[in-house]
Amino acid sequence: MQMFRRLWHKVLDYVFPKNCLGCEREGEYLCSSCFDKMEYLDRFSCFICNSGAFESGICPDCQDKTGIDQIIVATKYSDNLAGKLVEELKYSYLEDIADSLGTVLVNQIEKKGLRTTIENKTIVPVPLHKKRFAERGFNQSEIILKNLINRYSLKLRKDLLIRQKSTAQQAKLERAERFSNLKDAFSANDKNSIPKEIILFDDVLTTGATFTEAVSALKKSGVERVVCLTVCHG
Ligand SMILES: [Zn+2]
Ligand SMILES: [Zn+2]
C-alpha cells in the first residue's frame with residue numbers, strides 16, 4: 001500500500017510538476033527560502049478592535065463580546081505566502097502544503113513560548129458542514145493539525161462540535177452578516193465526556209465570528225476555557 005502510494009505520487013509529480021507558490025521555482029510547493037521569509041506576528045493586537053498588544057489577543061473592553069479566552073495567530077493572511085497556501089489547500093488535498101502550515105504553527109508556538117498552553121490538551125478542528133465536507137472530501141484543518149497533534153501530544157476530538165447549519169460562504173459576506181449567518185451554526189455533542197479546556201483550531205481568522213459561535217456552543221455544554229489557534233489573520 002505504502003509503495004503504491006509513493007508510486008502514485010511519483011506519477012502525479014510527473015504529470016503535474018510542483019512549483020513553489022512563492023517564487024515559482026520547480027520542485028516543491030514551497031521552497032525553503034520562501035518558507036524562511038514567512039513573517040510571524042510579533043504581537044497579538046486585539047482581534048476585535050485591533051488595538052494594543054495583549055497576551056490573550058483580546059483587549060479587556062472586547063472581552064465581553066466573545067467567549068474566546070485566548071487567541072493565538074501565527075501570521076497574517078494578506079500579502080503573505082501563508083494566505084496563499086491556505087487558499088490552495090481549500091481546493092486540493094496537498095499534504096506538503098498542510099505540513100508547511102503545521103510547521104508555521106509550531107514555529108509560532110515555540111517563538112511565543114506557548115508550548116505549555118498547547119501541550120497535552122484536547123484539540124477540536126472547526127468542522128465543515130457535512131454538505132461542504134462531501135463536496136471537498138476533506139477538512140483542510142484536520143490535515144494541517146497532523147504534525148501538531150504528534151508533537152504536543154494532543155487529543156483530537158472531532159466528535160465534540162457539530163456544524164448543524166449549512167451556512168452561506170463567509171468570504172462573500174460583510175462583517176455584520178457574518179455574525180448573523182453563523183448564529184446557532186454550531187452545537188456541542190455532549191454524549192461523550194466534555195473536557196474543561198479545549199484548543200479550537202481553524203485555518204483562517206477573519207472577523208472571529210466562526211470562533212465566537214463555536215466557542216459559545218462549547219461553553220454551553222460545560223467547557224470552561226477555550227484557546228483559539230489559527231494559521232493566519234485575514
Ligand atoms: Zn520559493
Ligand atoms: Zn478590543
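Around the Cα centre of the chain, unit charges on the Cβ atoms of Lys, Arg, Asp and Glu (plus for the first two, minus for the last two) sum to a dipole of about 720 debye. Loop-resident trypsin sites (Lys or Arg not before Pro) (DSSP state other than H, G, I, E or B) in region 83-186 with no more than 15 further Cβ atoms inside 10 Å of their Cβ: K158, K165, K183. Annotation: amide H-H contacts under 5 Å for C228 (H modelled 1.01 Å from N, sequence separation of 5 or more, or interchain): D69, Q70, I71, I72, L200. Considering only chymotrypsin sites (Phe, Trp or Tyr not before Pro) in DSSP loops that have at most 15 other Cβ atoms within 10 Å, the longest stretch of the chain without any of them is 139-234.
Extension gain for H129-D159 works out to 9.5 nm (0.36 nm per residue, less the C-alpha to C-alpha distance). A Förster distance of 41 Å, applied to the separation of the beta-carbon atoms of A176 and F138, puts the FRET efficiency at 0.85.
Mean projection of the Cα convex hull over all viewing directions, computed for region 42-233: 10.2 nm².
On full extension, the segment bounded by E197 and D99 gains 32.7 nm, given 0.36 nm per residue less the C-alpha separation. Sequence-ordered 3J(HN,Hα) estimates for region 87-103 from the Karplus curve with 6.51, -1.76 and 1.60 and θ = phi - 60° stand at 4, 4, 5, 5, 9, 9, 6, 10, 4, 4, 5, 4, 4, 4, 5, x, 5 Hz, glycine and proline given as x. In plain terms, the chain is cut at each of the GluC sites (Glu not before Pro) found in a DSSP loop with at most 13 other Cβ atoms within 10 Å, and the longest leftover piece is 56-118. Between D64 and L7, the FRET efficiency from the beta-carbon distance, with R0 = 41 Å, is close to 0.15.
The alpha-carbon of K191 sits under 29 angstrom from the alpha-carbons of these lysines, leaving out residues fewer than 8 places away in its chain: K65, K121, K130, K131, K146, K155, K158, K165, K183, K219, K220.
Only the coordinates and a few stated rules stand behind these numbers; no lab work does. This is a predicted model, so every value here is computed, not measured. Reconstructed Cβ throughout: ideal geometry from the backbone, glycine too, with neighbour counts over all protein chains shown.
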